[in-house]
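Undergrad: Dropping the structure in here first, questions after.
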Amino acid sequence: MANFYCKWCGIKHSSVSSLTSNSCSRNPEGKKHELYEGSEKAQYTCKCCGIKHSSISSLTSNSCSKSPTKKHQPAL
Ligand SMILES: [Zn+2]
Ligand SMILES: [Zn+2]
């Protein structure tokens, strides 16, 4: 079964519809989780500063000095 991740908080759901119908506390542009459209990786890179973390949730929970949202954002 595929896993779908939120690009703002890294939460994992088994379907896109359940992911995007639940609210996200970290989405700066809306209230719902938003699909991370990249593939599943061993390491996720911040598209703003290039730092790497082993999960989207740890990447997006840390602050980023170069990001407009002040948090790291996963590159695709
Ligand atoms: Zn989310
Ligand atoms: Zn960053």
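Undergrad: Does T45 meet the test of being more than 13 Å from C6 (Cα to Cα), surrounded by 14 or more Cβ atoms within 10 Å (Cβ to Cβ) and without any contact (Cβ under 8 Å) to a residue 40 or more places away in the chain?
TA: The answer is yes for T45.
Undergrad: Right, another one. Which one of these does K7 not meet: (1) open to solvent by 80 Å² or more (accessible area, probe 1.4 Å); (2) touching a residue at least 24 places away in the same chain (Cβ under 8 Å)?
TA: Going through (1) open to solvent by 80 Å² or more (accessible area, probe 1.4 Å); (2) touching a residue at least 24 places away in the same chain (Cβ under 8 Å) one by one, K7 breaks only (1).
Undergrad: Can you confirm whether the range 12-23 contains a residue that is open to solvent by 40 Å² or more (accessible area, probe 1.4 Å), of a type outside the set (A, V, I, L, M, F, W, C), in contact with a Cys (Cβ under 9 Å, 6 or more places away or on another chain) and assigned to a loop (DSSP other than H, G, I, E, B)?
TA: yes
Undergrad: Could I ask something else about it? So, N62, is that one at pLDDT 95 or above, out of contact with any helix residue (DSSP H, G or I) (no Cβ under 8 Å at 6 or more places or on another chain) and polar (S, T, N, Q) or not?
TA: Here the answer is yes, as N62 does meet what is asked.
The values are calculated or read from the model by the stated rules, or taken from the named source; none is laboratory data. Quick caveat, the model's predicted, so the values are computed rather than measured. Cβ: placed from backbone, ideal geometry, glycine included. Neighbour counts: every protein chain shown. Only protein heavy atoms, including side chains, enter the accessible area calculation; ligands, DNA and RNA are left aside. Shrake-Rupley method; radii C 1.70, N 1.55, O 1.52, S 1.80 Å.
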